[in-house]
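Please read the structure below before turning to the comments.
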Amino acid sequence: MLKTISGFDRIGEENAFAVLARATQLASEGRDIINLGIGQPDFQTPEHIVEAAIKALKDGHHGYTPATGILPLREAVCADLSKRVGFSPSPDNVLIVPGGKVTMFMAILMFGEPGTEILYPDPGFPIYRSMIEFTGAKPIPVPIREENDFAFSAEETLNLITENTRLLILNSPANPTGGVTPRSEIEKLVKGLEAHPNVAILSDEIYAQMTYDGTEHVSLASFEEVRERLILLDGWSKTYAMTGWRMGYSLWPDQLIDKARKLAVNAWSCVNAPAQFAGLAALTGPQQPVVDMVTEFDARRKLVVDGLNYLPNMTCRTPLGAFYAFPNIKTTGWKAKPLASALLEKAGVAVIGGPDFGTLGEGYIRLSYANSQENIERALVRIREFLEGTST
Ligand code: PLP
């Protein structure tokens, strides 16, 4: 019997991938499955980005790059942040990583160990808690509440900080709720954090460019007060429909960047070279494809929210960001995971049960509206027929 470290007794995973596997299996058996489960844009990567990767390969970019990423790409990240956030960091603080997830892996590994506490959103992206548990740190859930439109509460967050807190994880716009934390709450949080100078912040802003109804995305990087302890997580996956390219970046403060670089050198040496050239084309090329994609998501958002609110015993707040709806199913009589499972098996609609995102996710399901309007309409009909035809 091989003896691995105890973290493997606690590590979790992402159930969205298990749901995707089951949905794919059912489809291969001939079932008509509508997938509102997985969180990835259903669009192709824009052509000019694909062409840039092909060109990089033809131009001979086949070797290692610097561990932190090619300089023009890090400069383009800084220019993009300067334009969007109004803060122009040094390219020396940017690390190109293989996907957005890698930054949370590194940050949690950097701060988590037994005896420490890490605050994370609940419901929230499941990997936060999984990795915290893996390191042996104590996971402290920050409740994300429907009555706050799924925004962080600064007061509630600050009240959870203790002398053992090492890292605070924030996510806005948020998965799985679509919640966007407003400026007033972020300002309160930044102000309150002055009293806790030893707490690092990981701000997951992977959905930064997906907000609706004129909603402002407020980046933590726009606050000078916290920059020397802020790790910013972003990447290409969602904004440019590039989930399979595995392209992400993080911004690290001076006191952490070399540690992050060393982790990169130890783990992956550098990110795939042609993918980095594709990332460069994405940032420096036309942004109209992003605008078009977000416009289409907006139309689907309205469709899905209106449709869910029309269903028996479901209510759905209007999400202001990302591409998820998180309806309240508490009065359907169903628990969330059995409902998600029954919807897939009986109605052929893949959704994710709220508890897969944390204990406060009970009573909710997540629908990703990264699917066509036609399929969303068909899925809503199926859910309605299923709910009307069943009782628990
Ligand atoms: N952060 C959040 C909140 C996400 O929802 C996701 C993906 O679903 C990620 C990070 C990871 O993105 P990537 O696919 O680039 O690793």
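What the table below lists for this structure:
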| quantity | calculated |
| --- | --- |
| Apportionment of accessible area to carbon and sulfur, the chain, percent (1.4 Å) | 53 |
| Inter-part distance where segment 349-384 and segment 177-227 are each reduced to a Cα centre, Å | 27 |
| Principal-axis tilt of helix 288-310 within the chain, Cα atoms, nearest 10 degrees | 30 |
| Under 5 Å, built H, 5+ apart or other chain: amide partners of Ile169 | Leu119, Tyr120, Leu202 |
| Å² per residue, accessible surface of segment 62-284 at 1.4 Å | 37 |
| Partners for Lys55 among aspartates and glutamates (Cα-Cα distance below 15 Å; same-chain residues under 8 apart left out) | Glu47 |
| 3J(HN,Hα) from dihedral phi, segment 2-17, Karplus parametrisation 6.51/-1.76/1.60, rounded to Hz, x for glycine, proline | 7, 10, 9, 5, 5, x, 6, 6, 10, 4, x, 7, 10, 5, 4, 6 |
| Volume of the Cα convex hull of segment 66-192, divided per residue and given in Å³ | 125 |
| Rounded tilt (10° steps) of 183-193 against the dominant C-alpha axis of the chain | 50 |
| Per-selection Rg to Rh, segment 62-284 - Cα, Kirkwood hydrodynamic radius | 0.94 |
| Per-q log10 I(q)/I(0), segment 134-240, q = 0.13, 0.16, 0.18, 0.20 Å⁻¹ (Debye; single scatterer per alpha-carbon; no solvent) | -0.47, -0.72, -0.91, -1.13 |
| Directionally averaged projected area (convex hull, Cα atoms, segment 229-307), nm² | 7.4 |
| Cα long-axis angle, helix 71-85 against the chain (0 to 90 degrees, to the nearest 10) | 60 |
| Computed [θ] at 222 nm, deg cm²/dmol, the chain (DSSP H ≥ 4; -39,500 (n - 2.57); rounded to nearest 500) | -12500 deg cm²/dmol |
| Residue-wise HN-Hα coupling along segment 169-181, computed from phi with Karplus coefficients 6.51, -1.76, 1.60 (Hz; x: Gly, Pro) | 9, 10, 8, 7, x, 10, 9, x, 9, x, x, 10, 7 |
| Coarse-grained scattering of the chain at q = 0.12 Å⁻¹, given as base-10 log I(q)/I(0) from a Debye sum over alpha-carbon atoms | -0.96 |
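The values are calculated or read from the model by the stated rules, or taken from the named source; none is laboratory data. This structure is a prediction, so every number in the text was calculated from the model and none was measured. Note: accessible area is taken over every heavy atom of the protein model, side chains too, but ligands, DNA and RNA are not part of it. Shrake-Rupley method; radii C 1.70, N 1.55, O 1.52, S 1.80 Å.
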